[in-house]
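The values are calculated or read from the model by the stated rules, or taken from the named source; none is laboratory data. Note that the coordinates shown come from a computational prediction; the quantities given were computed from them, not determined experimentally. Please note: Cβ atoms are built from the backbone with ideal geometry, for glycine as well, and neighbour counts cover all protein chains shown.
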């Protein structure tokens, strides 16, 4: 049994996984037509347990990539401490206290800094009496990212015990019971560390009060020049495109879906009528290799029950902003080359082709966040009971979740909450069994908007016609 455990279950061979060694390739076609992921060293040695775990647990490429990054943190600790879980299994042991502490602390570091640390440095972090001061860590990951990595590591350890170790232990062995308990306690301890991480609890409400949300929308629609002005005071070259992206996020659209929209997916009769966007998988339009960085609708190629194909109605103001982008900036960008490189996508990069990297979309929201902060719109609302801290962390998901809260508060004026929650699952692309609608209803119940959405949109359309917005030119 010793040799069987050691040959299959050892974690510290190969010695380390680097970003360049995460090879994404199709080994065979699955029923879902998705690809397997191989985790290996730069020398091409496959890491068996990690590879099996990632492919068995996940089918979404982004989830696989996130899991792989967390496993790299675990492997760095395994290397530094010379851990052999297979050998420990024979003694009924999992991770020791110092090793668990190292994992909890290292989860806050970037993977690049972790993998350049010496073994001595990793062990020193575990021996330190005080917790690591995250504010002093260069390029520290977001608290929520650290939390997710610890959850991922805990999940892998539970899987590793259940699928690899326990089946190879003697059926009548008392050590089997002891080992099971050790792995359970280890996973629970990592989970408790996650729960105590500031702003990392999975049930935290990450949205702004409806009043502030509508103000952010209004500023984006009417004063995009102020919002996206560069540090030198110049207007951004993609002003209308970026404005349209922000407004779509405020409609509740995920950033990946925003970068995946085809031009033909957008419909608007004009005037004060609502527009519509068909949200579907457009990855087949791309000629470049589709990677985890490629913008796409969540749930594409996934076995999970996401509502990933739907038609979303959008406010007339959002539709107008998109139409202005199409008529002005998109037309100019598309004509920069002799051949049409757009592949039919709505939002284009400066080279005239579709946006190929989520980082481009992330940059748009960071610039908008800087503008909103400069305008004083991200400071904490004194009456907001949900925010911990003094600033709202602006992102596409902040807008998406704020939109969900506003949607709930608006619709519950005319129908029952259970019906509204079902409508939210359809509009925001949540699975049928998702508890997200109820979560964001909490904000809505205590923070109902003081005006109807229709009145708000009408006021913006009127301001636009009067020349106070971007529709008639910037001032």
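With (1) within 15 Å of residue 254 (Cα to Cα); (2) surrounded by 15 or more Cβ atoms within 10 Å (Cβ to Cβ); (3) modelled with pLDDT under 75 as the list, and residue 279 as the residue in question, which single condition is left unmet?
The one condition residue 279 does not meet is (3).
Looking at the structure I just gave you, is residue 54 part of a helix (DSSP H, G or I) and without any contact (Cβ under 8 Å) to a residue 24 or more places away in the chain?
So residue 54 passes the test.
Go through region 385-400 and give me each residue that's buried (at least 21 other Cβ atoms within 10 Å of the Cβ) and at pLDDT below 90.
392 - this is the single residue of region 385-400 that is buried (at least 21 other Cβ atoms within 10 Å of the Cβ) and at pLDDT below 90.
It is to be established whether one or more residues within region 352-360 are without any contact (Cβ under 8 Å) to a residue 12 or more places away in the chain, assigned by TED's automatic domain parsing to the domain that holds residue 228, more than 18 Å from residue 250 (Cβ to Cβ) and out of contact with any strand residue (DSSP E or B) (no Cβ under 7 Å at 6 or more places or on another chain).
Scanning region 352-360 turns up no residue that is without any contact (Cβ under 8 Å) to a residue 12 or more places away in the chain, assigned by TED's automatic domain parsing to the domain that holds residue 228, more than 18 Å from residue 250 (Cβ to Cβ) and out of contact with any strand residue (DSSP E or B) (no Cβ under 7 Å at 6 or more places or on another chain).
Looking at region 77-101 only, could you name the residues that are in a loop (DSSP other than H, G, I, E, B) and crowded, with 20+ Cβ neighbours inside 10 Å? Give the steps one after another, and end with the answer.
From region 77-101, those in a loop (DSSP other than H, G, I, E, B) are 82-84, 90-96; that's our starting set.
83, 94, 95, listed by residue number.
Looking at residue 74, is it in a helix (DSSP H, G or I), crowded, with 22+ Cβ neighbours inside 10 Å and modelled with pLDDT of 85 or more?
Taking the combined requirement at face value, the residue satisfies it.
Among the helices (runs of 4 or more DSSP H) confined wholly to region 212-261, which include 3 or more residues that are in contact (Cβ under 8 Å) with a residue 12 or more places away in the chain and more than 12 Å from residue 396 (Cα to Cα)?
In region 212-261, 224-227, 239-250 are the helices (runs of 4 or more DSSP H) which contain 3 or more residues that are in contact (Cβ under 8 Å) with a residue 12 or more places away in the chain and more than 12 Å from residue 396 (Cα to Cα).
Can you spot a residue in region 41-51 that is at pLDDT below 80 and within 27 Å of residue 256 (Cβ to Cβ)?
No: zero hits.
Can you work out which of the residues in region 374-384 that are surrounded by 11 or more Cβ atoms within 10 Å (Cβ to Cβ) and out of contact with any strand residue (DSSP E or B) (no Cβ under 7 Å at 6 or more places or on another chain) is farthest from residue 246 (Cα to Cα)?
Among residues in region 374-384 that are surrounded by 11 or more Cβ atoms within 10 Å (Cβ to Cβ) and out of contact with any strand residue (DSSP E or B) (no Cβ under 7 Å at 6 or more places or on another chain), the one farthest from residue 246 (Cα to Cα) is 384.
Kindly establish whether residue 114 is buried (at least 16 other Cβ atoms within 10 Å of the Cβ) and under 23 Å from residue 192 (Cα atoms). Step through it out loud before you land on a result.
Values: buried (at least 16 other Cβ atoms within 10 Å of the Cβ): yes; under 23 Å from residue 192 (Cα atoms): yes.
Considered against the rule, which asks whether it is buried (at least 16 other Cβ atoms within 10 Å of the Cβ) and under 23 Å from residue 192 (Cα atoms), residue 114 comes out as yes.
From the set of residues in region 282-324 that are at pLDDT 90 or above and closer than 19 Å to residue 423 by Cβ, which is surrounded by the most Cβ atoms within 10 Å (Cβ to Cβ)?
If we take residues in region 282-324 being at pLDDT 90 or above and closer than 19 Å to residue 423 by Cβ, then 318 is surrounded by the most Cβ atoms within 10 Å (Cβ to Cβ).
Would a scan of region 337-350 turn up a residue that is free of Cβ contacts under 8 Å to residues at least 40 places away in the same chain, closer than 13 Å to residue 242 by Cα and under 28 Å from the mean Cα position of the chain (by Cα)? Talk me through it step by step, then tell me what you get.
Residues of region 337-350 free of Cβ contacts under 8 Å to residues at least 40 places away in the same chain: 337-341, 349.
If we keep only those that are closer than 13 Å to residue 242 by Cα too, we end up with 349.
Imposing the further condition that a residue be under 28 Å from the mean Cα position of the chain (by Cα) reduces the set to 349.
Checked region 337-350: at least one residue is free of Cβ contacts under 8 Å to residues at least 40 places away in the same chain, closer than 13 Å to residue 242 by Cα and under 28 Å from the mean Cα position of the chain (by Cα).
Could you list all residues from region 406-421 that are assigned to a helix (DSSP H, G or I) and more than 22 Å from residue 250 (Cβ to Cβ)?
Residues satisfying the conditions are 417, 418, 419.
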